[in-house]
1. Under unit Cβ charges (Lys, Arg +1; Asp, Glu -1), what dipole magnitude, rounded to 20 debye, does the chain have relative to its Cα centre?
2. Counting only heavy atoms of protein chains, what accessible area per residue, in Å², does the chain have with a probe of 1.4 Å?
3. Quick one: work out the % antiparallel among DSSP beta bridges in the chain, nearest 5.
4. Under 8 Å for C-alpha pairs, at least 6 residues apart: give me the relative contact order for the chain, rounded to a whole percent.
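The values are calculated or read from the model by the stated rules, or taken from the named source; none is laboratory data. Model, not experiment: these values are computed from the prediction. FYI the Cβ positions are ideal-geometry reconstructions off the backbone, even for glycines, and counts take in every protein chain you see. Surface areas here come from the heavy atoms of the whole protein model, side chains and all, with no ligands, DNA or RNA. Shrake-Rupley method; radii C 1.70, N 1.55, O 1.52, S 1.80 Å.
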Amino acid sequence: MITIYTAMLCPYCARALQLLRSKNVAIEEIDVTYDPAERAQMRARAGGRNSVPQIWVGETHVGGSDELAALERAGELDPMIAAAAQ
């Protein structure tokens, strides 16, 4: 399972979601735009990071859109998704 915290009108969120959807995997999207409690939970899980998106593959915190794209370019995203699905 992939968890992604997003906000409305965030181009980085849209880019990350597009990449993840291309993988045909289950995604839990949590929109923190108008939900301070969810944003606080995201910040706590992400070690204080407040920017969106914040992405987890399974229990592994990937970071944001740039980190997700870097994993994809390095060929590391698919194995990470496969491992999290087990």
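1. 140 debye
2. Using a 1.4 Å probe on heavy atoms only, each residue of the chain averages 58 Å².
3. Of the beta bridges lying entirely in the chain, close to 60 percent run antiparallel.
4. Relative contact order here is 34 percent.
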